[in-house]
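These notes are about the structure you will find just below.
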Amino acid sequence: MYNSKPHQEHDLNRLHQHMLDTRLAMLVSHGEQGLLASHLPVLVVTDEGAFGTVYAHLARANRQWQDLERGAQALLVFPGADAYVSPSYYPSKADNPKVVPTWNYTAVHAYGPIEVIHAASPLLDIVSRLTERHEQGRDPPWRVADAPTDYLDGMLRAIVGIRLPIARLQGARKLSQNRSAQDIAGVREGLGASSDYLDNQLAAQMRDL
């Protein structure tokens, strides 16, 4: 992705936290079937490999896995909060009207080779760990083992797992860093006063600037 220098994020802990906070990632690949994309809940293991490893699963009917098994290049996109930035947020506009709207956002892109998993045991491990992650806080939490065994066996045959050991991470944290401290404060205040949840999220992240 294009990412100008002021907005590049290189801190591995911050990149990992963004990925852990993302519930649904986008898997993009390019192979014999052309450009394909799937939206997937993912399991991010930060201490496996140099940059971490991502696990997920696809429906077996989703032919994207066939390209992945043949070695297609793969990219996982982890979107974050985003917000429209109005020129009216900039105090400097009073002295210099040469301003235009922009968009602030955060995102992480993870690149790497894909291993396609067909065996039932590792597939069961992936879906169990994903379920445990998203059932946290429920009382009582639903468990994969709560489903009938024969039904579960059939569901596992209908999916394939994927494992992506991350070879490269790219992070974008576009939070008006190219503006003056006064304008950054104006954007933070403007987004913080918004009724939009994502605007508020981005305003909170701008407090770290």
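The values are calculated or read from the model by the stated rules, or taken from the named source; none is laboratory data. All of these numbers come straight from a predicted model, not from anything done at the bench. Methodologically, a virtual Cβ is constructed for each residue, glycine included, from the backbone with ideal geometry; neighbour enumeration extends over all protein chains shown. For the accessible areas, the whole protein counts, side chains as well, though only heavy atoms, and no ligand, DNA or RNA atoms are used. Shrake-Rupley method; radii C 1.70, N 1.55, O 1.52, S 1.80 Å.
Restricting the search to the stretch 105-127, which residues are open to solvent by 30 Å² or more (accessible area, probe 1.4 Å) and more than 26 Å from residue 205 (Cβ to Cβ)?
Across the stretch 105-127, the qualifying residues are 113, 115, 118, 119, 120, 121, 122, 124, 125.
Among 163, 133, which is the only one that is within 22 Å of residue 39 (Cβ to Cβ) and assigned to a helix (DSSP H, G or I)?
Of the residues listed, the single one that is within 22 Å of residue 39 (Cβ to Cβ) and assigned to a helix (DSSP H, G or I) is 133.
Could you run through the stretch 50-104 and say how many residues are open to solvent by 60 Å² or more (accessible area, probe 1.4 Å), closer than 30 Å to residue 193 by Cβ and either part of a strand (DSSP E or B) or touching a helix residue (DSSP H, G or I) at 6+ places or on another chain (Cβ under 8 Å) (or both)?
7
Hey, could you check the stretch 17-49 for residues that are in a helix (DSSP H, G or I) and surrounded by 19 or more Cβ atoms within 10 Å (Cβ to Cβ) and say which is nearest to the chain's Cα centre (by Cα)?
19
Among the hydroxyl-bearing types (Ser, Thr, Tyr), within 30 Å of residue 133 (Cβ to Cβ) and modelled with pLDDT of 95 or more - does that describe any residue in the stretch 3-24?
yes
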